[in-house]
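First the structure, which I've put down as structure tokens, then a few questions once you've had a look.
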Amino acid sequence: MSQSSSNEMWGGRFASGPDAIMEEINASIDYDKRLYEEDIAGSKAHAAMLADTGVLSADDRDAITQGLETIRGEIASGGFAFSREREDIHMNIEARLAELIGPAAGRLHTARSRNDQVALDFRLHVKSALERFEAGLEAFIDALLTKAEAHADTVMPGFTHLQVAQPVTYGHHCLAYVEMAARDLSRCRDAIERMDECPLGAAALAGTGFPIDRHQTAAALGFREPTRNSLDTVSDRDFALEFLAFAAICATHLSRLAEEIVIWSTPQFGFVKLSDAFSTGSSIMPQKKNPDAAELVRAKPGRINGALISLLTVMKGLPLSYSKDMQEDKEQVFDAIDSLHLALAASTGMIRDMHIDCEAMRRAAGHGYSTATDLADWLVREAGLPFRDAHHVTGRAVAIAEARGIGLADLPLDDLKALDASITEGVYSVLTVEASVASRRSYGGTAPDNVRSAIALWRERIERKA
């Protein structure tokens, strides 16, 4: 390479161009070209502000703006020649702008640095991604609410330790994931609110002596306000870390749902059937229908959690202000954006398309003596026993039923009275799974009327926030 072509971005400080190894480790264009839209938007806003404050002529502003639009079209159409010699998206665009409009291109970089430029581009990109996740989470919640609405009365087993515990409704189960997704949505919105500050104008680290208007560029780029400290501005990646933390938690929730879909779609459970759109077959076993979409969603937290730990590790020991280490911030975030987008879209699609086998759920709800707690509660409520005594009586009843291979509701009244004389015929009214779920009317409980009330509450909340 020639010295002039390789050295143009560093000015006159260096006598020779970078070694090939240095070029390899230093270049980021292979991945940061993804920021071209943000880079062009930032440059247009900066040029307009420089012209309005008298730093740049109107003719130069117009030439810069027209040239940037030409470059946007070239990149969008695939006709732009990216150069690794020019390191990054900023210098690639600036060099092409110089080819298109001449010396005016060099005036664009007045009163800014690549430090605040990349902080702007990256923040805009993450903010835009979070706004898309906000809409995606709303769609996911809507899919869950629609399923919950259709199955507010569908009885299924509730599990602890993956063992049958107490009967619940499938609608109530769906609402558990609504709660998780709503917390994710809240985190998403909070992150957008915190990162809604514009870095442009902080320059290299100390601000600039030019009479710039940072409030103008902030407004033009859709930010609430400019950042307040130039040192922090160029060295801050909290917005990226917060996105990754949000993404890791959200992906974890989606993975838990995916794990249940994988388990529930097995013949041993048979609770759900995935549509063909979210299943694959086997190359050797023609009978197979594999829940591959769910399994891939289940795997995504591995990548996203790794991205969070990676960036935390990069940032943990950096002195103020900017260090080149921070170039290692983008690949993990870009990958996490793509991974979470796929996981969320697949999860929403699976929920919408999934067939629920209500009868299989109903049968399983009665397994494992799931109404034992209802018997204990009845003894407390109707017979006046202390709960610990009622627990003991119920445990003995379960042992007898288990030894005979029958359910609690099938135990003769005389056998129950032998355990406690206060037990009456009325006990059988609480030993069905339907009676069990209907009785759980405490706030947040699984009773069908509770489920319907919660659905209405969430629909109103989501619509109000939207």
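The values are calculated or read from the model by the stated rules, or taken from the named source; none is laboratory data. In this text, all values refer to a predicted model and were calculated from it rather than measured experimentally. Cβ: placed from backbone, ideal geometry, glycine included. Neighbour counts: every protein chain shown. SASA here: full protein model, heavy atoms, side chains in, ligands and nucleic acids out. Shrake-Rupley method; radii C 1.70, N 1.55, O 1.52, S 1.80 Å.
Could you please tell me which pairs satisfy a Cβ distance under 8 Å, a separation of 6+ or placement on different chains, a first residue in the stretch 209-223 that is surrounded by fewer than 22 Cβ atoms within 10 Å (Cβ to Cβ), and a second residue that is among the hydroxyl-bearing types (Ser, Thr, Tyr)?
If the second residue must be among the hydroxyl-bearing types (Ser, Thr, Tyr), the pairs left are PHE210/THR53; PHE210/THR110; PRO211/THR53; ASP213/THR53.
Here's the yes/no breakdown for (1) part of a loop (DSSP other than H, G, I, E, B); (2) open to solvent by 20 Å² or more (accessible area, probe 1.4 Å):
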position	(1), (2)
ALA45	no, no
LEU56	yes, no
ARG61	no, yes
ARG72	no, yes
ALA98	no, yes
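Can you pull out every residue in the stretch 120-173 that is open to solvent by 50 Å² or more (accessible area, probe 1.4 Å) and either β-branched (Val, Ile, Thr) or more than 15 Å from ALA365 (Cα to Cα) (or both)?
Residues satisfying the conditions are GLU131, ARG132, ALA135, ASP142, THR146, GLU149, ALA150, THR160, HIS161.
Can you find even one residue in the stretch 420-427 that is farther than 29 Å from HIS172 by Cα and surrounded by 15 or more Cβ atoms within 10 Å (Cβ to Cβ)?
Filtering the stretch 420-427 down to residues farther than 29 Å from HIS172 by Cα leaves 420-425.
Checking which are surrounded by 15 or more Cβ atoms within 10 Å (Cβ to Cβ) leaves us with 420, 423.
Yes.
Now, a different point. Out of the residues in the stretch 308-345 that are of a type in the set (Gly, Ala, Ser) and more than 13 Å from the chain's Cα centre (by Cα), state the one that is nearest to MET180 (Cα to Cα). Even if it seems obvious, please write down each step before you answer.
Of the stretch 308-345, the ones of a type in the set (Gly, Ala, Ser) are 310, 317, 321, 323, 336, 339, 343, 345.
Applying the additional criterion that residues be more than 13 Å from the chain's Cα centre (by Cα) yields 310, 317, 321, 323.
Values: SER310: 25, GLY317: 33, SER321: 37, SER323: 37 Å.
The qualifying residue nearest to MET180 (Cα to Cα) is SER310.
Those residues that are closer than 25 Å to THR394 by Cβ, touching an Asp or Glu at 6+ places or on another chain (Cβ under 8 Å), assigned to a helix (DSSP H, G or I) and β-branched (Val, Ile, Thr), I need them from the stretch 424-466; list them, please.
VAL427, VAL430
Further, regarding this structure: Just need a number here: residues in the stretch 304-323 that are without any contact (Cβ under 8 Å) to a residue 12 or more places away in the chain and assigned to a helix (DSSP H, G or I). Write out each step before concluding.
We begin by selecting, within the stretch 304-323, every residue without any contact (Cβ under 8 Å) to a residue 12 or more places away in the chain; these are 309, 313, 316-317, 319.
Next, from what is left, pick out any that are assigned to a helix (DSSP H, G or I): 309, 313.
Of the residues in the stretch 304-323, 2 are without any contact (Cβ under 8 Å) to a residue 12 or more places away in the chain and assigned to a helix (DSSP H, G or I).
Okay, next question. Hey, can you tell me all the residues within the stretch 428-444 that are open to solvent by less than 50 Å² (accessible area, probe 1.4 Å) and without any contact (Cβ under 8 Å) to a residue 60 or more places away in the chain? Quick ask: steps written out before the conclusion?
Keep residues of the stretch 428-444 that are open to solvent by less than 50 Å² (accessible area, probe 1.4 Å), which gives 430-431, 433, 435-438.
Passing the criteria: VAL430, ALA438.
Next question, about the same structure. Within the stretch 76-85, does at least one residue satisfy the condition of being polar (S, T, N, Q), buried (at least 17 other Cβ atoms within 10 Å of the Cβ) and more than 28 Å from the chain's Cα centre (by Cα)?
Within the stretch 76-85, the first condition is being polar (S, T, N, Q), and the residues that meet it are 77, 83.
Okay, now just the ones that are also buried (at least 17 other Cβ atoms within 10 Å of the Cβ), so none.
No, the conditions are met nowhere in the stretch 76-85.
While we're on this one: Please work out which residue is farthest from ARG352 (Cα to Cα), limiting yourself to the stretch 285-303 and to residues that are charged (D, E, K, R) and not in a helix (DSSP H, G or I).
Start the filter on the stretch 285-303 by keeping residues that are charged (D, E, K, R), which leaves 288-289, 292, 295, 298, 300, 303.
Add one more test, that the residue is not in a helix (DSSP H, G or I), and what stays is 288-289.
Details: LYS288: 22, LYS289: 18 Å.
Filtering the stretch 285-303 for residues that are charged (D, E, K, R) and not in a helix (DSSP H, G or I), the one farthest from ARG352 (Cα to Cα) comes out as LYS288.
What number of residues within the stretch 199-225 are out of contact with any Gly (no Cβ under 9 Å at 6 or more places or on another chain) and under 26 Å from ALA245 (Cα atoms)?
Of the residues in the stretch 199-225, 5 are out of contact with any Gly (no Cβ under 9 Å at 6 or more places or on another chain) and under 26 Å from ALA245 (Cα atoms).
For residues in the stretch 253-284 being open to solvent by 60 Å² or more (accessible area, probe 1.4 Å) and either in a helix (DSSP H, G or I) or in contact with a Ser or Thr (Cβ under 7 Å, 6 or more places away or on another chain) (or both), which is farthest from ARG214 (Cα to Cα)?
Among those residues, the one meeting the criterion is LYS273.
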